[in-house]
Amino acid sequence: MTNNTDNFSKEDVDSIKEAASYICSNKDCRKLTIAPSHLESDKIISTGSVIQITSDSGILLCTSCADEFESDKEKLSTWKADHLEWVSKNINIKNKSGESKKETQRHVDDDLKVELDEYFAKHKKGINITAALGHPESLVFAEEILSYLLEKGYNANGIGQMKFNPPIDGIKITQAKKGNIDMKIGPKM
């Protein structure tokens, strides 16, 4: 993927992302391209790509759509116009799809892998993983994280379960005794 935005300033790129509401401009996709960091609550992860259409026009796409469609400038121009119209029509409109808010399983995606690798790169002590008791989705997610950490050679010590008081949303990492790290995994935020 070329993601050639050399002619755009950071402000231009941010403006394109904001105008698209951080949503992929492909109407058949519309993935969110921004999320809170799994490890640092005051940071965000941006997974979208601003693709240059002309010297002064760009479009926000998710990484999958950017890889697939970046060279079709005519299609991208149409998508951008359609997406900006869709965003304008849907500001402050309640989702009427009737879909339930069924919980979906989290997975160790590429963004989380990068964060885990950056966080634990210099850490040589043990990593204790604890999942929320009575919350199967948290346990499955913890098992995926453990598997990834072991695969990468980190010193992860298995998974425990407990009831967190106060409750934990998402992932919380703290320094434990003897230099170990405690990773607590609660329900999604």
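A short reminder: the numbers here are calculations on the coordinates, not readings from a lab. Here the structure is a predicted model, which means the values were calculated and not measured. Cβ atoms come from the backbone with ideal geometry, glycine included; neighbour counts cover every protein chain shown.
Charged neighbours of residue 25, selected by a Cβ distance under 15 Å, balance to -1 (K, R count +1; D, E count -1). Within the listed set 26, 155, 92, the Gaussian network model of the chain (springs between alpha-carbon atoms below 10 Å) gives the highest mean-square fluctuation for 92.
Extension gain for residue 140-residue 152 works out to 2.5 nm (0.36 nm per residue, less the C-alpha to C-alpha distance).
Across the stretch 141-179, the residues whose backbone nitrogen lies under 17 Å from the label position 7 Å along the beta-carbon direction of residue 32 are 169-171. Add +1 for every Lys or Arg and -1 for every Asp or Glu among the other residues with Cβ under 9 Å from the Cβ of residue 106, and state the total. Here the charged neighbours net out to -2.
Kindly count the pairs of lysines across the stretch 110-185 whose alpha carbons are less than 22 Å apart, treating pairs on different chains or eight or more residues apart as eligible. Lysine pair count for the stretch 110-185: 27. Taking every DSSP beta bridge that has both ends in the chain, the antiparallel portion is near 60%. Its DSSP H runs of at least 4 residues, each contributing -39,500 (n - 2.57), put the calculated 222 nm mean residue ellipticity of the chain at -10000 deg cm²/dmol, to the nearest 500. With both residues required to sit in the stretch 110-185, DSSP beta bridges show an antiparallel share near 35%.
Would you mind classifying the stretch 107-150 by shape? Square roots of the alpha carbon gyration tensor eigenvalues, ordered a ≥ b ≥ c; an a/c under 1.5 is rounded, otherwise it is prolate if a/b is larger than b/c and oblate if not. Here the stretch 107-150 falls in the oblate category.
Residues within the reach of a label modelled at residue 85 (point 7 angstrom out along Cα to beta-carbon, backbone nitrogen below 17 Å), restricted to the stretch 55-75, are 74-75.
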